[in-house]
Amino acid sequence: MSGPAKGSSLIHEIDATHFASLQGGIDAFLDVLEGPTRIKIPGEDNSRCRIFITLLHGNEPSGMTALLQLLQERLVPVVDVHCYLIATEAANTMPRFSCRQVPGKRDYNRCFKPPYDIDDQGPVCRQLQEDIIALSPEAVVDMHNTSGEGPAFGVITRYDRRHDNLVSLFTDRVIVTDLRLGAIMETSTENIPVVTIECGGAFESAADRLAYTGLKRYFSTLDLYALAETEFPIDKYEHPLRVELSTGSSLSFGEFPIADADVTLKTEIEHHNFGEVTRDTLLGWVKTDALHKIRAYDSGRNDHFKNLYRVENGELYPRENQKLFMITSDPVIAKSDCLWYVTRSKN
């Protein structure tokens, strides 16, 4: 299948055969990448293609690890697969694979919407979107690691059989969101489904195994959309709210409130990822004069925090049973992105 012209100044191209005998793991893999990169893996049927995207965040290596393993196994996919690795500069920021985005630069996975020409990230994301249109793939899978501990899950912006089938190649858990942040999954259409897969924590062996097993299935399944409904049952969470801190707020983690922090979250709060929290679950502490700094937004940026949470003597509790996910104990990510997502419990 023909595609975008080679030699793009924004997304470099490297032949897949270059990696077959590469020694040194993902560090050596990263050494080869001079910037955002596209690797085409020829398939048995070159009249069709799929797209795989990973490393949109520089601290999420499981997708890269799985891809390298399949390249070194010389797996021939059933159709052509175009693989994109984007945030190579962030991944190279020392120590390697510790930096979500280059300090002072935008998160690539917030740049898949206008304006594109305000920095270096926007044009790359626009080029990737143009490549997707030009290639007209059967599917697009965007692979990440979660920001904290927790199980794997998929994230989609539209729910139908095709999106469900794609997610089920990797995991039995999916979030259907109407929040719009400029992420690649928001470009999904009925004809070109785009799904995000969160494999679990970075450098966790279980996350690497899931990434490899799911990616191999994505490469090798002849018909992605022929799975029986009961083959991979999906646990679905719909329309989560996004709990955020206001810009400039201070955040700490601990087993007691930190005096100079607006919000202190329990040290082990990320252990609640996809577990149920109840009215009696202590999540942390909020200063009285900082209550206005924490919000729970829906897709229209309406705040539901007071309906979902209560603060008693400075202690933060849910008002009702809830499911929390995408919780992180990394204060940098928690402040720059969000504290967690929440849905009301099904029970």
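Values as computed for the structure displayed
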read-out	value
Residues within segment 167-220 that are outside any strand (DSSP E or B), of a type in the set (A, V, I, L, M) and either without any contact (Cβ under 8 Å) to a residue 12 or more places away in the chain or farther than 21 Å from Tyr84 by Cα (or both), tallied	2
Enumeration of residues in segment 189-210 that are among the hydroxyl-bearing types (Ser, Thr, Tyr) and surrounded by 21 or more Cβ atoms within 10 Å (Cβ to Cβ)	Thr196
Search result, residues across segment 89-123 that are β-branched (Val, Ile, Thr) and within 25 Å of Ser188 (Cβ to Cβ)	Ile118
Out of Val76, Val32, Val81, sole residue that is crowded, with 22+ Cβ neighbours inside 10 Å and more than 21 Å from Gly148 (Cα to Cα)	Val81
Members of segment 106-125 that are within 21 Å of the chain's Cα centre (by Cα) and either surrounded by fewer than 18 Cβ atoms within 10 Å (Cβ to Cβ) or closer than 19 Å to Arg162 by Cα (or both)	Arg106, Arg110, Lys113, Pro114, Tyr116, Asp120, Pro123
Extreme residue, surrounded by the most Cβ atoms within 10 Å (Cβ to Cβ), among residues of segment 165-187 that are under 24 Å from Ile133 (Cβ atoms) and of a type in the set (D, E, K, R)	Glu186
Residue within segment 291-307 that is in contact with a Gly (Cβ under 7 Å, 6 or more places away or on another chain) and either farther than 21 Å from Thr146 by Cβ or not in a strand (DSSP E or B) (or both) present	no
Unique residue being out of contact with any His (no Cβ under 8 Å at 6 or more places or on another chain) and surrounded by 20 or more Cβ atoms within 10 Å (Cβ to Cβ) when the list is Gly284, Gly248, Gly300, Gly275	Gly284
Failed item, numbered, when Val141 is tested on (1) over 19 Å from Pro240 (Cβ atoms); (2) touching a helix residue (DSSP H, G or I) at 6+ places or on another chain (Cβ under 7 Å); (3) not in a strand (DSSP E or B)	(3)
Considering residues of segment 73-113 that are of a type in the set (D, E, K, R) and free of Cβ contacts under 8 Å to residues at least 40 places away in the same chain only, the residue nearest to Arg38 (Cα to Cα)	Glu73
Among the residues listed as Thr328, Thr267, the single one being surrounded by fewer than 20 Cβ atoms within 10 Å (Cβ to Cβ) and not assigned by TED's automatic domain parsing to the domain that holds Ser147	Thr267
Residue check, Gly43 in a loop (DSSP other than H, G, I, E, B), buried (at least 21 other Cβ atoms within 10 Å of the Cβ) and in contact (Cβ under 8 Å) with a residue 12 or more places away in the chain	no
Any hit, segment 322-332, residues being part of a strand (DSSP E or B) and among the hydrophobic types (A, V, I, L, M, F, W, C)	yes
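The values are calculated or read from the model by the stated rules, or taken from the named source; none is laboratory data. Remember, it's a predicted structure, so these values are computed and weren't measured experimentally. FYI the Cβ positions are ideal-geometry reconstructions off the backbone, even for glycines, and counts take in every protein chain you see.
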